[in-house]
Amino acid sequence: MIKKYLFTLACCIPLLCTAQKQPIESLVPSTPSKAPDYFCTWNIQGYATGYNGSEKFRAIMNEESMFGKGEWQNWTGMYKKIQPDLYFVMDDLWDIPTEINRKNNNPYLGRVELDEGRFPSFMSTKGSADRLKKLNEAVKAIGWKGIGGWICAQKSENFPNVSEEEYWTDRIKAAHEAGFDYWKVDWGHNSRNDQWRQMLTEIGKKYAPNLWIEHAMKNEYIEFSDAFRTYDVENIIAIPITIQRIVNLLPYKAKNNAKGIINCEDEAYIAVGLGCAIGVMRHEFAGNLPDGRQDHSFPPVGRNLKKRLDEVVRAVRWHRIAEPFAVDGDFQVSKEELEDTWRYQAEESWVKHKEGELLKNSAPAIVSRRMPLPILANKEEARPYILASRYTNGAVAIAAIGRTLEHEYISNPASVTATLNNWEKPIGLFGYFKDVTLVLSEASKNKIKKIYAQDLAGDTPVDITRKVKIYKDRIIIPGKTITEVGLMSCTEGDISDPGLVMKIITR
């Protein structure tokens with residue numbers, strides 16, 4: 001029988017375990033992550049305009065929306081706790097004249113110059129680079145890592161006599177001068193042009209070493225990309241689609257000093273489980289659209305993602321401990337696959353479906369990077385996906401990702417066993433577990449002295465030594481302890497799955 005986890009019993013209640021606060025420092029560093037994580041404005045643009053036509057939610061991409069204090073404004077005021085870890089990425093069309101918001105027959109697409117009509121407070125006689133620099137400084141002053149933007153994969157038609165190389169060199173140089181350090185390169189005439197995307201990357205490496213140029217569209221682009229986006233998914237069935245898209249990228253290897261990092265967009269716990277970067281799309285405007293209709297991009301069904309902001313905070317803060325890493329061909333995938341389903345009802349997706357249609361997608365049941373596949377004891381139909389990675393610095397993350405079945409999100413606790421090569425590095429546990437057994441590949445000569453754990457959304461570690469079973473070559477952490485500690489700092493009303501970091505002290 002499928003057991004649906006009761007969030008109300010697990011979140012935002014007094015800590016049930018008897019672990020006491022310890023006078024040690026937070027297990028999460030105070031220094032912001034260097035990972036290329038970002039918050040993207042696309043869905044907030046849609047929400048603020050009721051998704052009432054693409055031209056309208058392109059038109060709202062402006063200074064007033066980003067910094068204003070009116071209803072559905074002040075976008076830069078969101079995610080205060082993790083702003084220093086995130087680029088604020090302006091989506092389509094920050095660089096186009098205010099009155100021109102169409103996708104087709106728009107000669108300004110690919111302009112890559114901050115539009116003065118949309119951003120009148122950032123005018124400058126010194127040119128586009130200085131306008132971007134002023135905007136970047138304003139965003140950083142609020143607390144964000146910096147500014148970034150959506151880039152159409154084509155040269156503006158208003159510059160017919162300028163070569164592609166000269167055109168993009170000028171704009172990349174301007175980005176470097178402005179500190180405009182993230183480019184989300186998307187659709188356009190050159191979206192699937194291999195040579196064009198490689199050219200853009202090479203110019204970026206030469207003239208803007210701090211610029212992240214994110215590519216998409218064709219999996220082989222990951223080999224020369226610093227960041228590669230798994231691309232858009234509908235949230236009601238996003239979990240298996242995203243896992244499978246990541247698995248499709250793992251056989252590739254980054255070449256010629258490319259960073260080769262996968263960005264799996266808004267799937268925060270999938271990101272930490274598989275060493276990926278995060279492109280946050282969910283936002284803090286909860287509930288229905290301004291006109292009263294249901295928000296079909298983040299519908300209040302299944303996972304109900306806009307009530308899961310804490311998991312974004314936890315995942316992003318994990319990247320302070322361990323940064324995403326390149327595709328290198330070192331991965332394992334279980335032969336067994338799991339199939340998720342979703343029985344579609346009205347206003348539950350931006351993709352058009354017939355009401356009552358059953359959506360189906362599959363993905364491998366267990367995936368690991370740079371470590372052996374974990375073993376999952378659960379064999380029932382609704383068992384979770386298990387993802388695990390050993391990061392470059394030796395930290396290990398293990399994530400149990402719930403399932404979408406028929407018309408609900410199922411988080412059945414899992415019994416998982418994972419093999420590690422040492423005790424000394426941080427361990428992240430994400431999701432619901434019956435228990436987690438951590439096995440050393442070789443018996444340690446060092447005895448365990450203390451074990452601390454901490455909700456990644458908070459700053460208070462607790463001593464859980466007496467809450468776990470310790471053996472010579474393994475420890476077993478009960479699921480109850482993982483849930484209690486992993487939700488210690490949850491926000492009232494938030495229904496995110498638990499997420500903690502654990503530190504084992506040996507002697």
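The values are calculated or read from the model by the stated rules, or taken from the named source; none is laboratory data. Worth saying up front: this structure is predicted, and the values here are computed from it rather than measured. We place every Cβ from the backbone using ideal geometry, glycine too, and count neighbours over all the protein chains shown. Please note that ligands, DNA and RNA were not included when accessible areas were found on the heavy atoms of the full protein model with its side chains. Shrake-Rupley method; radii C 1.70, N 1.55, O 1.52, S 1.80 Å.
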Q: Would you mind telling me the antiparallel percentage of the DSSP bridges in the chain, rounded to 5?
A: 55
Q) Which number do you get for Rg(Cα) / (2.2 N^0.38 Å) in the stretch 111-255? A) 1.13
Q) Which distance in nm do the two modelled labels at HIS407 and ASN158 give, with both placed 7 Å along the Cα-to-Cβ direction? A) 5.0
Q. In whole Å and largest first, what semi-axes does the C-alpha gyration tensor of the stretch 308-368 yield when each eigenvalue is scaled by 5 and square-rooted?
A. 31, 21, 10
(Q) If I model a spin label at ILE470 and HIS189 as a point 7 Å from the Cα along the Cα→Cβ vector, what separation in nanometres do I get? (A) 6.6
Q. Can you list, bin by bin at 10 Å, the percent of alpha carbon pairs in the stretch 203-257, starting at 0?
A. 22, 46, 24, 8, 0
Q: Multiply the residue separation of ILE24 and LYS173 by 0.36 nm, subtract the distance between their alpha-carbon atoms, and state the gained length in nm to one decimal.
A: 49.1 nm
Q: Set the Förster radius R0 to 45 Å, insert the Cβ-Cβ distance between ALA377 and GLU165 as r into 1/(1 + (r/R0)^6), and round the FRET efficiency to 0.05.
A: 0.20
**Q.** Alpha carbon convex hull of the stretch 368-436, volume per residue in cubic angstrom
**A.** 80
Q. Under the Karplus relation 6.51 cos²θ - 1.76 cosθ + 1.60, θ = phi - 60°, what is the ordered set of whole-Hz ³J(HN,Hα) values for the stretch 232-238, x standing for Gly and Pro?
A. 4, 9, 8, 5, 5, 9, 6
Q | Solvent-accessible heavy-atom area per residue, rounded to whole Å², over the stretch 109-225 at 1.4 Å | A | 41
(Q) For a test of the definition: using alpha carbon positions, the gyration tensor, and the 1.5 limit on a/c, classify the stretch 41-126 as rounded, prolate or oblate. (A) oblate
Q: For the stretch 435-483, restrict the atom set to alpha-carbon positions and state the Rg and Dmax in Å.
A: 11.7, 33
Q | Under 19 Å from the GLU442 label point (7 Å along Cα→beta-carbon), backbone N, the stretch 391-411 | A | 394-395
Q | Length gained when the stretch THR392-MET123 is fully extended (0.36 nm per residue, less Cα-Cα span) | A | 92.5 nm
Q: Any chance you could give the angle, 0 to 90 degrees and rounded to 10, that helix 164-178 forms with the longest Cα principal axis of the chain?
A: 60
Q | Whole-Hz couplings from phi, Karplus 6.51/-1.76/1.60, listed for the stretch 302-311; x for Gly and Pro | A | x, 6, 6, 4, 6, 9, 10, 7, 4, 5
(Q) On the principal axes of its Cα set, how long, how wide and how thick is the stretch 265-382? Give whole Å, largest value first. (A) 49, 34, 24
Q | the chain pair-distance distribution - Cα-Cα, 20 Å bins, rounded % | A | 23, 56, 20, 1
Q. How many nm is it between the label spots at LYS449 and GLN332, if each spot is 7 Å from the Cα in line with the beta carbon?
A. 3.2
Q: Mind checking the stretch 228-331 for GluC sites (Glu not before Pro) that DSSP puts in a loop (not H, G, I, E or B) and that have at most 15 other Cβ atoms within 10 Å?
A: GLU284
Q: Would you mind checking LYS34/LYS133; LYS34/LYS255; LYS134/LYS253; LYS379/LYS480 for any pair whose Cα atoms are more than 29 angstrom apart?
A: LYS134/LYS253
Q: Can you list which of the GluC sites (Glu not before Pro) found in the stretch 92-124 are DSSP loop residues with at most 16 other C-beta atoms within 10 Å?
A: GLU99, GLU116
